[in-house]
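The values are calculated or read from the model by the stated rules, or taken from the named source; none is laboratory data. Keep in mind it's a predicted model, so treat the numbers as computed, not measured. Positions of Cβ are generated from backbone atoms using ideal geometry, with glycine treated the same way; all protein chains shown enter the neighbour counts. Ligands, DNA and RNA are stripped out before the accessible areas are found, and what is left, the full protein with its side chains, is counted by its heavy atoms. Shrake-Rupley method; radii C 1.70, N 1.55, O 1.52, S 1.80 Å.
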Amino acid sequence: QVQLVESGGGLVQPGGSLRLSCAASGSIATIYRTAWYRQAPGNQRELVALMSSGGFTNYADSVKGRFTISRNSTKNTVYLDMNSLKPDDTAVYYCNFNIRILRATIVSDYWGQGTQVTVSS
């Protein structure tokens, strides 16, 4: 009923930049919180950045000042602009939306398929 499609990952040198996108489609009534998570090999999935429905943002300490989350509500799309990338940022990045679908009363979690970001020289 809802699909999240991510794009924008890839290989970048240290100090470089990437923009990730995540577009939601389907029977969407309301999108609430949106977020980006990442998971490096051998590590647990961790929260990178989130944006509330009211526009409040919060970031992991490790990415503050380097990453920016933003949203285009008309396109149901969330972005993650990543600057000054470091090898430690290498991970699979996942978008996460809290969505209430049409004719539903509850809010559910939806995840993107994941996109690989590799920071290496």
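Using Cα pairs under 8 angstrom and six or more residues apart, how large is the relative contact order of the chain, in percent?
The value is 36 percent.
With a ≥ b ≥ c the root eigenvalues of the C-alpha gyration tensor of the chain, is it rounded (a/c under 1.5), prolate (a/b larger than b/c) or oblate?
Verdict is prolate for the chain.
Leaving ligands, DNA and RNA out of it, report the carbon-plus-sulfur percent of the accessible area of the chain at a 1.4 Å probe.
47 percent
How much length is gained on full extension from SER27 to GLN3, taking 0.36 nm per residue of separation minus their Cα-Cα distance?
Extra length from SER27 to GLN3 when fully extended: 7.7 nm.
Run the simple label-point estimate for ALA104 and ASP88 please: 7 Å along Cα→C-beta, distance reported in nm.
A separation of 3.6 nm, rounded to one decimal place.
Keeping all protein chains in the complex and leaving out DNA, RNA and ligands, what accessible area do you get for PHE56 with a 1.4 Å probe, in Å² to the nearest 10?
130 Å²
Need one number: nm distance between label points at ARG45 and ASP81, each 7 Å from Cα along Cα→Cβ, rounded to one decimal.
In this crude label model, ARG45 to ASP81 measures out at 2.7 nm.
Leaving out ligands and nucleic acids, note down the accessible area per residue over the chain with a 1.4 angstrom probe, in whole Å².
So the chain comes to 52 Å² accessible per residue, rounded to a whole number.
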